[in-house]
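Since every read-out is calculated from the coordinates, none of them should be taken as a lab result. The model shown is predicted, which means the values in this text are computed figures rather than measured ones. Because the Cβ atoms are built from the backbone with ideal geometry, glycine has one as well, and the counts that use them run over all protein chains shown.
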Amino acid sequence: MLRDAWLVAGKDLRIEARSRVALNQVVPFAAAVILLFGLALGPDRSVLAPASAGLFWIAVLLSCLLATQRSFAVESADGARDGLRLSGLDPAGIFLGKAGAVVAELLVLEALLALGVAVLYGAHLTGGLVLAAVCVTATVGLAAVGIIYGAVASGLRVKETLLPLLFLPVAAPVLLAATKAWDEALAGTPSGGLGWLSLLAVFAVVYVTIGIVAFGPLLEES
Amino acid sequence: MLRDAWLVAGKDLRIEARSRVALNQVVPFAAAVILLFGLALGPDRSVLAPASAGLFWIAVLLSCLLATQRSFAVESADGARDGLRLSGLDPAGIFLGKAGAVVAELLVLEALLALGVAVLYGAHLTGGLVLAAVCVTATVGLAAVGIIYGAVASGLRVKETLLPLLFLPVAAPVLLAATKAWDEALAGTPSGGLGWLSLLAVFAVVYVTIGIVAFGPLLEES
Amino acid sequence: MAPAVRLREAVALAGRFPLLAGVSLEIDEGEVAHVRGPNGAGKTSLLRLCCGLVPLHSGEASVLGHDLAIDRRALRKHVGMLGHQSLLYEELTVEENLRYALRSFGLEIEQAGPAAARLGLAGRVSATPVGRLSAGQRRRTALAVLVARDPRLWLLDEPHAGLDQEGRELLDELIAESRAKGRTVLLCSHEHEHAAALSDRTVWLAGGQVVEEPASVA
Amino acid sequence: MAPAVRLREAVALAGRFPLLAGVSLEIDEGEVAHVRGPNGAGKTSLLRLCCGLVPLHSGEASVLGHDLAIDRRALRKHVGMLGHQSLLYEELTVEENLRYALRSFGLEIEQAGPAAARLGLAGRVSATPVGRLSAGQRRRTALAVLVARDPRLWLLDEPHAGLDQEGRELLDELIAESRAKGRTVLLCSHEHEHAAALSDRTVWLAGGQVVEEPASVA
Amino acid sequence: MTGSKVLKATGILALVGVAATAWLGLWVTPDAVGFPHGLVRLLYIHPPMAWVAFVAYGMAFLSSMLYLWPRTRHIRFDRMAGASAEVGVVFTGLTLATGSIWGRPTWGVWWTWDPLLTTTALLFVLYLGYLALRRVPGDPEVVARRSAIAALIAFVDVPVVYFSVSWWRSLHQAPTIDFTGRHLYVHGSMAWTLLLGFVSFTLAYAWLTAHRYRLAGLQDSEADEGLRYALDERRAEGLGPA
Ligand code: HEM
Ligand SMILES: Nc1ncnc2c1ncn2[C@@H]1O[C@H](COP(=O)(O)OP(=O)(O)OP(=O)(O)O)[C@@H](O)[C@H]1O
Ligand SMILES: Nc1ncnc2c1ncn2[C@@H]1O[C@H](COP(=O)(O)OP(=O)(O)OP(=O)(O)O)[C@@H](O)[C@H]1O
Ligand SMILES: [Mg+2]
Ligand SMILES: [Mg+2]
């Protein structure tokens, strides 16, 4: 399983390294989201500074959506699901590999974005360790959900619209917890975020477990 | 040109009527977006009530993105651009038809969403006429931009990520103007929104004109 | 008679790769030309150039009297292409696809029914969304569009692929008919015995160029 | 010897439509069977059933001793499918695709080079991303994967389509070779003269069923 | 059939129960202090509706698990999951509606960004998405697997909704909205009415779900009937022209 996961992740990251989609397209997209939504909600700094954690995580969420869409777009076009099924790989391995690649991409994105947020909104990135831990656990949870639903939607003619609809509401609690934890940490009380952090860890564990268990039935179908 | 536009719009709307994607998937998606932002920005009513117009338009913006993606997904899969080019239709007609279908879908969505927003944010839908006019002009502008970029991205392997990146920044001014106009109207001074409304009208005219003029060259290039 | 297709040192690129590396070719109106060559020779690229899907990089190219460097659009009404992809709407039924295609070329939709029937797509199949058809049925639908349109220039890229025995015979008939009607046909095919019987002449492509018939048949 | 493929009244559905309407069929290990029938007969569906891409609705089906209703996954290692879609990674080169496929089946990657060379994919082509290949070169790459894997059961869905003259001869050679090695081959093809020469027997399908050879060849 | 008798009895009981709850709630129980006139009467339907929504999603979750577990895999569990989720969505909608109606006089607004409310609304959208997924055409078994997995993931949000109030409290010192209703002292006739509300709404859930389930079953068996016809027709395709 782990060998397969490694193989799949390696392949996905190699495609990314070659096409640079995450770097050239998803990162600017995330930046655009933060700027744009910051603007839409009013240029008032006193409003935006407290909202910076929320905007950051919304940008991450939407980027995760794009990253998972991309992750299935690189699988062989129409035959994404057929290809994965005929590949002889362990489904759990496929899941872990694809989720791992998305996590790696998103973590880079978050590092860049965090810098941006710090500058733009004048948010102070205090409690760095808690912030980083929140990033990792939340990202694992998001990526796991994204890949599961990506597989659910792949091969359907309506995947462009179905995936966002399925993904967004399920990701919402993760978003909420991550935002809260960041809020605490940014407010200078990182210990207050530990409760949320453990909640995020629970999410991550639950979703990864569901993914490992459910990916088999999901791909074996039809 | 208009005959072709009519034909294309009829085809797109017929596919929608058959698959119900806009109704079953895009509308709930828009609701999810609003809730998500509500969550991320915290339960503070003093932040959210003034932001309700912004949230509404963000939801419309993201839904427009989905609607345009769908609009090109129904074109013949890989060969979307080839198909459009070989179709013998006037490019300007194709543009108007596809944009028209998206506008029709989005207007229905906005009507539903406006109801939701009125309840959610306790926003009063005063100045109904101005609100409606803003909806129509802003939607025309958004759909026009969406269809232009949809055509740019269609046929590319990276369309899932490229389209949002291109679309969002260009749609930003529309988002801002529409938000301002709604803010004024909701604040009970609809006349204050007329300036923004005329700005939106300018955007709509400009983008539609660009679409009509540029769609030909756009489809013709390799 | 004016040549239907006339290329002079036509070069077409994909990125930096020359799909066509200087093709000179004349095909008269009413001719059926069999385009032949090994995989990767540039046959598909040639057909795509002729209907304006690939831009001309250098050289001259005119199709049905339209210069490809200037107006590709005017050409479209008169050219029909059957490519590897069928370019149909998956959500619409065979019949709706046919009607839409005819309307989009400004033609009457009366031809839709007979064309579908001719291709064996009557009954259940004609009311099935194209997304649910088998490979061969899709091919037949794409062919039906061509038959209903009856364009002046037919570009057929491996039209036999996927068709069953009866479909092949039907296709041969169709090609013979359009020749009789004075249509021009460019037929790419690896089934050379088949294709040779149908065509007036054979054009050999290799390495993005027209070549003499090779000694060892490739 | 145990039959490689054994179906009893196998029914497979797509939505409510019966792709296969009760197929009973036995193919022995080491046999090369030519599956034939008109467009829409269910040939592709039969192959997809045999590799577990289409679920069995009712009836019995076992492939290489694995019951399709129970364990489809264990089967995958031993089955190779060449379908209408090539299932390759467009961004990776031919060589990388081959290596990845071999690795994903837990095989050594040494076979990658020779297989590519055999299929005429050495040199420039082998370092080209699959997304930039011509239709025939893609087909060759997919075949190269099969050759390198050398599975026990080969499911070939119109393998000749898109291949040039040389490729066809090569394919015939490959099929003959795998027969000599005792592999089982299911060959769907409309090029019956070609296919008949390669195969031990012919299975006729029509309307989702195995039928007797029809009087009028369809 | 006893099955349909039980069903009928459930239906009648549910009807009577809901009617009785309404009667008790509207005319018998006293008005509570601190509530705008008569609005406490929403107490007898609003919490039971929320409860039924949870029950429905729980049932959908369980059925999906049973469907995914190879030994118990049967299409009827998929039907059950679909029927239950559908009823759940209806009751979530009703919870939102009654809550809003209650909130308007109590809090002065139709809606507020309280975590419980927001997560409830999200739950609504979440299961709308689930139903949209179910509606995507495809082979029944394929659709069943896809939706079963979606139901597993969706259900993770249900406890989040349930606990959101207490988490908010434990993790956040100053809850923006005091959900004081929770401390309301319920006694006497009110308690009994509330209990009756819970029971009768649960019965109503059972009745609705069973009906939906039966309907789905009928549709499926109709499809099975149709299948024989479809098979004949398909076979005839092969004999037709030849
Ligand atoms: C699944 C989610 C929900 C559950 C489990 C739930 C449960 C309850 C319960 C148990 C009460 C207490 C009644 C009492 O003891 O006084 C209550 C009150 C109330 N609920 Fe809900 N409810 C839910 C969702 C909602 C929603 C979505 C809204 C608004 C849109 C809402 C609005 C109210 C209001 C206004 C009250 C009265 C509170 C007060 O008097 O302060 N509830 N709810
Ligand atoms: N998803 C689907 N839904 C409904 N019907 C389908 C679906 N897929 C295929 N069919 C139908 O099933 C039948 C068999 O299809 P199949 O692809 O197996 O045919 P085939 O024998 O491979 O034909 P061909 O020679 O054209 O490739 C066709 O009539 C087709 O219309
Ligand atoms: N987008 C692209 N970028 C780079 N090279 C390409 C691209 N598309 C095609 N090629 C190359 O151009 C050459 C010609 O391709 P073309 O599809 O015209 O060949 P063909 O003669 O139709 O071959 P086949 O018989 O295999 O269909 C091939 O070598 C192919 O690798
Ligand atoms: Mg070709
Ligand atoms: Mg087939």
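Using 1/(1 + (r/R0)^6) with R0 = 30 angstrom and r between the beta carbons of C:A69 and C:D28, what's the FRET efficiency to the nearest 0.05? Walk me through the numbers on the way to the answer.
Numbers: r = 22 Å, r/R0 = 0.72.
It comes out at approximately 0.90.
Kindly work out what percent of the DSSP beta bridges joining two residues of chain D are antiparallel, to the nearest 5.
Expressed as a percentage, antiparallel bridges in chain D total about 55.
Mind scanning A:K159/A:K180; A:K159/D:K43; C:K77/C:K181; B:K98/B:K159; A:K159/B:K159 and naming the pairs with a C-alpha gap bigger than 20 Å?
On the way: A:K159/A:K180 31 Å; A:K159/D:K43 28 Å; C:K77/C:K181 17 Å; B:K98/B:K159 18 Å; A:K159/B:K159 13 Å.
In this structure, A:K159/A:K180; A:K159/D:K43 exceed 20 Å between Cα atoms.
Considering the options B:I147, A:G38, A:L156, tell which one lies farthest towards the positive end of the dipole of the protein assembly as shown, charges being +1 on Lys and Arg and -1 on Asp and Glu at the Cβ, about the Cα centre.
Of the candidates, A:G38 comes out farthest on the positive side.
D:D200 label points, 7 Å along Cα→Cβ, one per copy: pairwise distances from this copy to the rest in nm, shortest first?
5.0
What percent of all Cα-Cα pairs in chain C falls in each 5 Å bin, counting up from 0?
1, 7, 15, 19, 20, 16, 12, 7, 3, 0
With charges set only on the Cβ (+1 for Lys and Arg, -1 for Asp and Glu), what does the dipole of the protein assembly as shown come to about its Cα centre, in debye to the nearest 20?
On the way: 95 positive and 101 negative charges, 436 e Å.
Roughly 2100 debye for the protein assembly as shown.
Find every distance from the label point of B:T189 to the corresponding label point in the other copies (7 Å from Cα along Cα→Cβ) and write them in nm, one decimal, shortest first.
Going from nearest to farthest copy, the values are 3.8 nm.
Put a dot 7 Å past each Cα toward the Cβ at C:R16 and E:V199; how far apart are the dots in nm?
The modelled label-to-label distance comes out at 8.3 nm.
Show which aspartates and glutamates lie in cross-link reach of B:K11 when reach means a straight Cα distance below 20 angstrom and same-chain residues fewer than eight apart are skipped.
Those aspartates and glutamates meeting the cut-off are A:E160, B:E75, B:D78, B:D82, B:D90, B:E105, C:E90, C:E91, C:E95, C:E96, C:E108, C:E110.
With θ set to phi - 60° and the Karplus curve 6.51 cos²θ - 1.76 cosθ + 1.60, what are the ³J(HN,Hα) couplings of the range D:178-187 in order, to the nearest whole Hz, using x for Gly and Pro?
These are the phi-based 3J(HN,Hα) values: 5, 4, 4, 7, x, 7, 9, 10, 10, 10 Hz.
Where does each of C:E110, B:E16, B:E220 land when they are ranked from fewest to most other beta-carbon atoms within 10 angstrom? Spell out each step's value before the answer.
Working: C:E110 11, B:E16 22, B:E220 15.
Neighbour counts put them in this order, fewest first: C:E110, B:E220, B:E16.
I need the calculated FRET efficiency for the pair E:L239 and D:Q85, taking r as the beta carbon distance and R₀ as 41 Å, to the nearest 0.05. Numbers along the way, then the final one.
Details: r = 31 Å, r/R0 = 0.76.
Rounded to the nearest 0.05, the efficiency is 0.85.
Once you charge only the Cβ atoms, +1 for Lys and Arg and -1 for Asp and Glu, what is the size of the charge dipole of the range D:96-218 about its Cα centre, to the nearest 20 debye? The partial results should precede the final answer.
Values: 15 positive and 17 negative charges, 129 e Å.
For the range D:96-218, the charge dipole is close to 620 debye.
In nm, to one decimal, how far is the modelled label at D:E177 from the one at B:L115, with both set 7 Å along Cα→Cβ?
Going from the D:E177 label point to the B:L115 one covers 6.7 nm.
Run the helix sum for the protein assembly as shown: -39,500 (n - 2.57) per DSSP H stretch of 4+ residues, divided by residue count, reported at 222 nm to the nearest 500 deg cm²/dmol.
-20500 deg cm²/dmol
Just counting partner chain Cβ atoms within 10 Å, what average do the residues of peptide A:27-33 show around their Cβ?
5
List the residue from chain D whose beta-carbon is nearest to the axis that rotates chain D onto chain C, together with that distance in whole Å.
D:A161, 2
May I ask you to report, in nm to one decimal and beginning with the shortest, the distances from C:A117 to the same position in the other copies, taking label points 7 Å along Cα-to-Cβ?
Shortest to longest, the spacings are 5.9 nm.
Looking only at B:V74, B:V206, B:V27, which one moves most when chain B is put into a Gaussian network model with springs between Cα atoms under 10 Å?
B:V74
Please list B:4-15, D:119-130, C:148-159 highest first by mean number of surrounding beta-carbon atoms within 10 Å per residue.
Numbers: B:4-15: 20.1, D:119-130: 18.5, C:148-159: 22.8.
Per-residue Cβ counts within 10 Å, averaged per peptide and sorted highest first, yield C:148-159, B:4-15, D:119-130.
With only Lys, Arg, Asp and Glu charged, each at its Cβ (+1 for the first two, -1 for the last two), find how big the charge dipole of the range B:2-221 is about the Cα centre; round to the nearest 20 debye.
Working: 13 positive and 15 negative charges, 52 e Å.
Once rounded to the nearest 20, the dipole reads 260 debye.
Considering only A:V170, A:V117, A:V102, give the residue with the highest GNM mean-square fluctuation for chain A, with springs between Cα atoms whenever their separation is below 10 Å.
Result for chain A, Cα springs under 10 Å: A:V170 fluctuates most.
With a ≥ b ≥ c taken as the square roots of the eigenvalues of the C-alpha gyration tensor of the range B:2-221, please select rounded if a/c is under 1.5 and otherwise prolate if a/b is larger than b/c or oblate if it is not?
Numbers: a/c = 2.07, a/b = 1.69, b/c = 1.22.
Taking the square roots of the gyration eigenvalues as a ≥ b ≥ c, the range B:2-221 is prolate.
Pop out the Kirkwood hydrodynamic radius of the protein assembly as shown from its pairwise C-alpha distances, inverse of mean 1/r, in Å to one decimal. It would help to have the intermediate numbers written out before the result.
Values: mean 1/r = 0.0316 Å⁻¹.
Across the protein assembly as shown, the inverse of the average 1/r is 31.6 Å.
Let me know the mean shielding of E:155-162 by other chains, meaning the per-residue number of their Cβ atoms within 10 Å of its Cβ.
Working: counts 0, 10, 5, 0, 1, 7, 1, 0.
That works out to 3 on average.
Nearest 0.05, what FRET efficiency do E:S221 and E:V16 give at R0 = 25 Å with Cβ-Cβ as r?
Values: r = 31 Å, r/R0 = 1.26.
It comes to 0.20.
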